[in-house]
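Written below as structure tokens is the structure these notes are about.
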Amino acid sequence: MENLKLWKPETFDIASFKWHLSERKNKEIVGNGSDIGSCYYTFNELGFRGDSPKKKGTRVMSVGCSHTEGIGVHNHQTWSHILTRSMKDGVDLNLGINGRSNDYIARTILTWTDYLKPDLVLIMYTYPTKREYYRDVDKIEPYHPRPWGYFDLDLVGRHKWANIIQSTTPEEDYINWYKNHLLITNYLKNKEIAFIWNGTFLQTEYTDENRFDGDYPYFSEPNQYASAIQNEVYGKTLFKHIKQNFEI
């Protein structure tokens, strides 16, 4: 199936309608359309924020949405950067992308783990209401409970958004996250790769031995993100947790 190309590193993408990963490769931009102010964003040869995948050291792969990518802060102010720079030889492999879902997180981990070979995977789950939507052969779009991207700027997309939102429930959203979580957990455990997951934005009491939220701030409104100071506090708290619990 052509859709399977979206699960391979060489043909992986974050959306089909706009904002392709290829448009970010090896670029530095000021502002990305979602931040407040004029922060600079440097993207590596894969199109992600963070260090080059060729860098040697302890490889930390962080996966999530805008809270992981670091919207509204400079490169050195993301929590993944602060964490890895606290290590002796940390490599910041930040695969967070603004507006993406827990579906995206699962697809990203299954796609990039063998390629990037991380020593540790950090997962910051996002709001369960977000999904990935396959609208056609090799066409994928990020779905939100509020119209955005394809679901706002395309007439057909608007109709599809209306149909989707009428058919979803909070229970279905939660179970969709849980299925992704089980998939990720079993996948990484089978590969014997250490991982930590943050469930701040899930708003659930469900936990297991790999959950660590570290008091990361919860934002109920869209376009609210952690400040540089909040990222620093979380990054250093997470570093202490890793140092105490992992041989890395």
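Taking helices (runs of 4 or more DSSP H) that fall entirely within the range 140-243, which contain at least 2 residues that are of a type in the set (Gly, Ala, Ser), touching a Ser or Thr at 6+ places or on another chain (Cβ under 6 Å) and modelled with pLDDT under 95?
Details: elements: 150-153, 155-167, 170-190.
In the range 140-243, there are no helices (runs of 4 or more DSSP H) which contain 2 or more residues that are of a type in the set (Gly, Ala, Ser), touching a Ser or Thr at 6+ places or on another chain (Cβ under 6 Å) and modelled with pLDDT under 95.
How many of the residues in the range 191-209 are under 24 Å from Glu171 (Cβ atoms) and surrounded by 17 or more Cβ atoms within 10 Å (Cβ to Cβ)? Quick ask: steps written out before the conclusion?
Residues of the range 191-209 under 24 Å from Glu171 (Cβ atoms): 197-208.
After this cut, where a residue has to be surrounded by 17 or more Cβ atoms within 10 Å (Cβ to Cβ) as well, the list is 197-202.
Here the count works out to 6.
Given the conditions (1) in contact (Cβ under 8 Å) with a residue 24 or more places away in the chain; (2) farther than 27 Å from Ala15 by Cα; (3) surrounded by 13 or more Cβ atoms within 10 Å (Cβ to Cβ), and given that Val233 satisfies all but one, which numbered condition is not satisfied?
Failed condition: (1).
So, Lys179, is that one free of Cβ contacts under 8 Å to residues at least 60 places away in the same chain, under 20 Å from Thr111 (Cβ atoms) and basic (Lys, Arg) or not? Walk me through how you get there before you give the answer.
Numbers: free of Cβ contacts under 8 Å to residues at least 60 places away in the same chain: yes; under 20 Å from Thr111 (Cβ atoms): yes; basic (Lys, Arg): yes.
Yes; evaluated as a whole, the condition is true for this residue.
Out of all the residues in the range 182-205, is one or more more than 18 Å from the chain's Cα centre (by Cα) and over 30 Å from Lys88 (Cα atoms)?
Yes - at least one qualifying residue is present in the range 182-205.
Which of the residues spanning the range 191-215 are among the β-branched types (Val, Ile, Thr) and under 16 Å from Thr68 (Cα atoms)?
Going residue by residue through the range 191-215, those that are among the β-branched types (Val, Ile, Thr) are 193, 196, 200, 204, 207.
Of everything in the range 191-215, those that are among the β-branched types (Val, Ile, Thr) and under 16 Å from Thr68 (Cα atoms) turn out to be Ile196, Thr200.
Looking at the range 106-139 only, could you name the residues that are in a helix (DSSP H, G or I), closer than 21 Å to Leu182 by Cα and out of contact with any Asp or Glu (no Cβ under 8 Å at 6 or more places or on another chain)?
Restricting attention to the range 106-139, the residues satisfying the condition of being in a helix (DSSP H, G or I) are 106-116.
Next cut, closer than 21 Å to Leu182 by Cα only: 106-114.
Ala106, Thr108, Ile109, Leu110, Thr111, Trp112, Thr113, Asp114 - these are the residues of the range 106-139 that are in a helix (DSSP H, G or I), closer than 21 Å to Leu182 by Cα and out of contact with any Asp or Glu (no Cβ under 8 Å at 6 or more places or on another chain).
Is it true that Thr84 is crowded, with 21+ Cβ neighbours inside 10 Å and in contact with a Cys (Cβ under 6 Å, 6 or more places away or on another chain)? Break it down stepwise before answering.
On the way: crowded, with 21+ Cβ neighbours inside 10 Å: yes; in contact with a Cys (Cβ under 6 Å, 6 or more places away or on another chain): no.
No.
How many residues are outside any strand (DSSP E or B) and either surrounded by fewer than 24 Cβ atoms within 10 Å (Cβ to Cβ) or free of Cβ contacts under 8 Å to residues at least 12 places away in the same chain (or both) if we restrict to the range 88-105? Reasoning before the result, please.
Keep residues of the range 88-105 that are outside any strand (DSSP E or B), which gives 88-89, 95-105.
Narrowing the set further to residues that are either surrounded by fewer than 24 Cβ atoms within 10 Å (Cβ to Cβ) or free of Cβ contacts under 8 Å to residues at least 12 places away in the same chain (or both) leaves 88-89, 98-99, 103.
Going through the range 88-105 one residue at a time, the tally reaches 5.
Can you list residue pairs whose Cβ atoms sit under 6 Å apart, with the first residue in the range 183-205 being under 17 Å from Arg107 (Cβ atoms) and the second being in a helix (DSSP H, G or I) and among the hydrophobic types (A, V, I, L, M, F, W, C)? Count only pairs 6 or more apart in sequence or on different chains.
Correct list of pairs: Leu183/Ala106; Ile184/Ala106; Ile184/Ile109; Phe195/Leu188.
Yes/no per residue for (1) basic (Lys, Arg); (2) over 21 Å from Ser62 (Cα atoms); (3) in contact with a helix residue (DSSP H, G or I) (Cβ under 7 Å, 6 or more places away or on another chain):
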residue: Tyr134; (1), (2), (3): no, yes, yes
residue: Asn163; (1), (2), (3): no, yes, no
residue: Gln166; (1), (2), (3): no, yes, no
residue: Tyr174; (1), (2), (3): no, yes, no
residue: Asn190; (1), (2), (3): no, no, no
residue: Ala194; (1), (2), (3): no, no, no
residue: Phe201; (1), (2), (3): no, no, no
residue: Tyr216; (1), (2), (3): no, no, yes
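Against the definition (in contact with a strand residue (DSSP E or B) (Cβ under 6 Å, 6 or more places away or on another chain), surrounded by 14 or more Cβ atoms within 10 Å (Cβ to Cβ) and farther than 20 Å from Gln224 by Cα), how does Ser16 come out, yes or no? Walk me through it before giving the result.
Numbers: in contact with a strand residue (DSSP E or B) (Cβ under 6 Å, 6 or more places away or on another chain): yes; surrounded by 14 or more Cβ atoms within 10 Å (Cβ to Cβ): yes; farther than 20 Å from Gln224 by Cα: yes.
Here the answer is yes, as Ser16 does meet what is asked.
Any residue in the range 2-17 that is over 14 Å from Pro142 (Cβ atoms) sitting within a Cβ distance under 8 Å of a residue that is surrounded by 12 or more Cβ atoms within 10 Å (Cβ to Cβ) and among the charged types (D, E, K, R)? List the pairs, counting only those 6 or more apart or interchain.
So the pair list comes out as Glu2/Asp138; Asn3/Asp138; Lys5/Asp138; Trp7/Arg107; Thr11/Lys5.
Within the range 51-77, work out how many residues are of a type outside the set (Lys, Arg), at pLDDT 95 or above and touching an Asp or Glu at 6+ places or on another chain (Cβ under 7 Å).
So the count comes out to 5.
The values are calculated or read from the model by the stated rules, or taken from the named source; none is laboratory data. All values reported here derive from a predicted model rather than from experimental measurement. So basically every Cβ, Gly included, is an ideal-geometry build from the backbone, and we count neighbours across all protein chains shown.
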